[in-house]
Amino acid sequence: MSKKILLTGDRPTGKLHIGHYIGSLKTRVKLQNTGDYEPFIMVADTQALTDNARDPEKIRRSLVQVALDYLAVGLDPSKSTIFVQSQVPALFELTSYYMDLVTVARLERNPTVKSEIAQKHFDQSIPAGFLAYPVSQAADITAFKATVVPVGDDQEPMLEQTREIVRTFNRVYHTDILKEPEGYFPQKGQGRLPGLDGNAKMSKSLGNAIYLSDDAKTVQKKVMSMYTDPDHVHVEDPGKIEGNTVFTYLDVFCQDKDKVQALKDQYQKGGLGDVKIKRFLNQVLEEELAPIRERREKFAQDTDAVYDMLLAGSKRANEVANQTLAEVRHAIGVDYFAGRK
Ligand code: ATP
Ligand code: MG
């Protein structure tokens, strides 16, 4: 049986956090280790530049951090091609061809992009590249003919956009070379981990995250500062579970579901303090994070090797993407010099 091709990635706008872990990283590692997939994992620096063009140093600095996070969670360069988006020129050319198949009105309707525009206060100064980043995502996915894309819930509109581009391209150029991808989403309720502050999304741009690289003390401090139920003032007061971030995290990270249910019951009745549930959550998170942190520290001792790994992955990514690009040029008819020396 031929392997299914998987592609996904992360923007190097900071270190990765437990939202990324639960929303996408954990699934990638699981799928990678089944041996049924050929994974391509991309550090999306070009996409990160679409809203950080004036701060390239942040992207440069974060590249190796994201790569370290990958290795720490168990992505394995002998099983997955880990590469850097900007180092694969074919992706830019594919983006260019796809842009002509998408209207500005369609890009403006994308709900994720819409909310990001609001969050970033772009108002009337939206960088054109930012508005069009879903098109470059279509290039990333189709360049590798990926059909499986493990991502968080915010990425569904991007997948829909990619499928539309694939269908349009294949119809307009009378071909079937591009493949429609499917999202591979986390279990219900885990596709969008809220921030420590109760904000709808933990995000590296919002400063409300627990990072995979945080030391034990920092994790503990962050957990102790978490948003719970603002009306739960005294231990004996009945507390609310809905929108209480500590319980949301327990639901996601604690395997002992009976214990979580018992804590919920007690909290709602009254008599269970925030400090107690936070201590328990800290312990649960530590179990998951301690081995990741340890592996990360080991890899961080040799960042040269990390760059070498990214270079090797990028070379391999170029081979595959260039092959698709040749097919795309042929389908459009811009392969004028094919076969000429
Ligand atoms: P930025 O603020 O720079 O956009 P981000 O934190 O949103 O950063 P991305 O690099 O855009 O991170 O997303 C990488 C992957 O992680 C995507 O698949 C996305 O769906 C997933 N993801 C991001 N944040 C969360 C979250 N809070 N919960 C679950 N999945 C998430
Ligand atoms: Mg994002």
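The values are calculated or read from the model by the stated rules, or taken from the named source; none is laboratory data. Just so it is clear, the model here is predicted, and its values are computed rather than measured. Virtual Cβ from ideal backbone geometry, glycine too; neighbours counted across all protein chains shown. Surface accessibility is based on the protein's heavy atoms, side chains included, excluding ligands, DNA and RNA. Shrake-Rupley method; radii C 1.70, N 1.55, O 1.52, S 1.80 Å.
Limited to region 268-277, what total is found for residues that are under 33 Å from the mean Cα position of the chain (by Cα) and surrounded by 18 or more Cβ atoms within 10 Å (Cβ to Cβ)?
Residues meeting the conditions: 2.
Please specify each residue of region 193-209 satisfying the condition of being more than 15 Å from the chain's Cα centre (by Cα) and surrounded by 15 or more Cβ atoms within 10 Å (Cβ to Cβ).
If the condition is that a residue be more than 15 Å from the chain's Cα centre (by Cα) and surrounded by 15 or more Cβ atoms within 10 Å (Cβ to Cβ), then 195, 196, 198, 199, 208 are the ones that fit.
When the residues of region 196-207 are narrowed to those that are within 13 Å of ligand 2 (Cβ to nearest atom), among the small types (Gly, Ala, Ser) and in contact (Cβ under 8 Å) with a residue 24 or more places away in the chain, which ends up nearest to residue 249 (Cα to Cα)?
203
Within the bounds of region 215-235, is there any residue that is away from ligand 1 (no atom under 11 Å from the Cβ), over 30 Å from residue 275 (Cα atoms) and in contact (Cβ under 8 Å) with a residue 12 or more places away in the chain?
Looking for residues that are away from ligand 1 (no atom under 11 Å from the Cβ), over 30 Å from residue 275 (Cα atoms) and in contact (Cβ under 8 Å) with a residue 12 or more places away in the chain, one finds none in region 215-235, hence no.
Which residues, counting only those in region 159-185, are closer than 14 Å to residue 101 by Cβ and either near ligand 1 (Cβ under 10 Å from one of its atoms) or assigned to a strand (DSSP E or B) (or both)?
none
If you go through region 235-247, how many residues are at negative phi and surrounded by fewer than 20 Cβ atoms within 10 Å (Cβ to Cβ)?
Matching residues across region 235-247 total 7.
Assigned to a helix (DSSP H, G or I) and modelled with pLDDT under 95, is that true of residue 2?
In short, no.
I'm checking my understanding of the structure. Among residues of region 1-21 that are among the hydrophobic types (A, V, I, L, M, F, W, C) and open to solvent by 10 Å² or more (accessible area, probe 1.4 Å), which one is nearest to ligand 2 (Cβ to nearest atom)?
5
What single numbered condition from (1) in a loop (DSSP other than H, G, I, E, B); (2) touching an Asp or Glu at 6+ places or on another chain (Cβ under 6 Å); (3) at pLDDT 95 or above fails to hold for residue 192?
(3)
Quick test for you: out of 103, 95, 81, pick the one residue that is touching a Lys or Arg at 6+ places or on another chain (Cβ under 6 Å), open to solvent by 10 Å² or more (accessible area, probe 1.4 Å) and assigned by TED's automatic domain parsing to the domain that holds residue 34.
Only one candidate passes the filter, namely 81.
For the subset of region 142-158 comprising residues that are open to solvent by less than 10 Å² (accessible area, probe 1.4 Å) and in a helix (DSSP H, G or I), which member is nearest to ligand 2 (Cβ to nearest atom)?
The qualifying residue nearest to ligand 2 (Cβ to nearest atom) is 158.
Can you tell me which residue in region 27-50 is farthest from ligand 2 (Cβ to nearest atom), limited to those that are farther than 20 Å from residue 89 by Cα and touching a residue at least 60 places away in the same chain (Cβ under 8 Å)?
Among residues in region 27-50 that are farther than 20 Å from residue 89 by Cα and touching a residue at least 60 places away in the same chain (Cβ under 8 Å), the one farthest from ligand 2 (Cβ to nearest atom) is 37.
Can you tell me which residue among 310, 289, 325, 281 is of a type in the set (A, V, I, L, M, F, W, C) and more than 27 Å from residue 84 (Cα to Cα)?
281
Kindly evaluate residue 59 against the criterion of being over 10 Å from the mean Cα position of the chain (by Cα), of a type in the set (Val, Ile, Thr) and within 19 Å of residue 311 (Cα to Cα).
yes
Can you tell me which residue within region 28-40, out of those that are surrounded by fewer than 22 Cβ atoms within 10 Å (Cβ to Cβ) and within 14 Å of ligand 1 (Cβ to nearest atom), is nearest to residue 83 (Cα to Cα)?
For region 28-40, the residue satisfying everything is 29.
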